[in-house]
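Participant: My structure is below; once you've seen it, I'll send some questions.
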Amino acid sequence: MLSNVADFSEVDLIACEFCLLEVPLTDALTPETDDYVAHYCGLECYEQWKQQGRDK
Ligand SMILES: [Zn+2]
């Protein structure tokens with residue numbers, strides 16, 4: 001049996017808040033915020049999203 005192969009049918013996928021790429025929830029970056037939970041595929045997207053939101 002290939003026990004080391006992930007069963008993707010049981011993986012929760014979430015879309016990155018910034019680039020909308022779908023990544024497994026376990027691999028997603030989830031910064032803690034006061035009132036809003038967002039997921040990112042990586043720190044790079046989180047930083048870019050932060051920069052974008054700040055520029056109002
Ligand atoms: Zn992303």
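Participant: Evaluate the distance, in nm, between pseudo-label points positioned 7 Å from the Cα of Leu13 and of Val37 along their respective Cα→Cβ axes.
Facilitator: Modelled inter-label distance: 2.0 nm.
Participant: Any chance you could list the semi-axes, whole Å, largest first, of the equivalent ellipsoid that the Cα gyration tensor gives for region 13-54, using √(5λ)?
Facilitator: They are 16, 12, 8 Å, listed largest first.
Computed from the coordinates by the stated procedures, all read-outs in this text should not be read as laboratory data. All values reported here derive from a predicted model rather than from experimental measurement. All Cβ positions, even for glycine, are placed from backbone atoms using ideal geometry, and neighbour counts span all protein chains on display.
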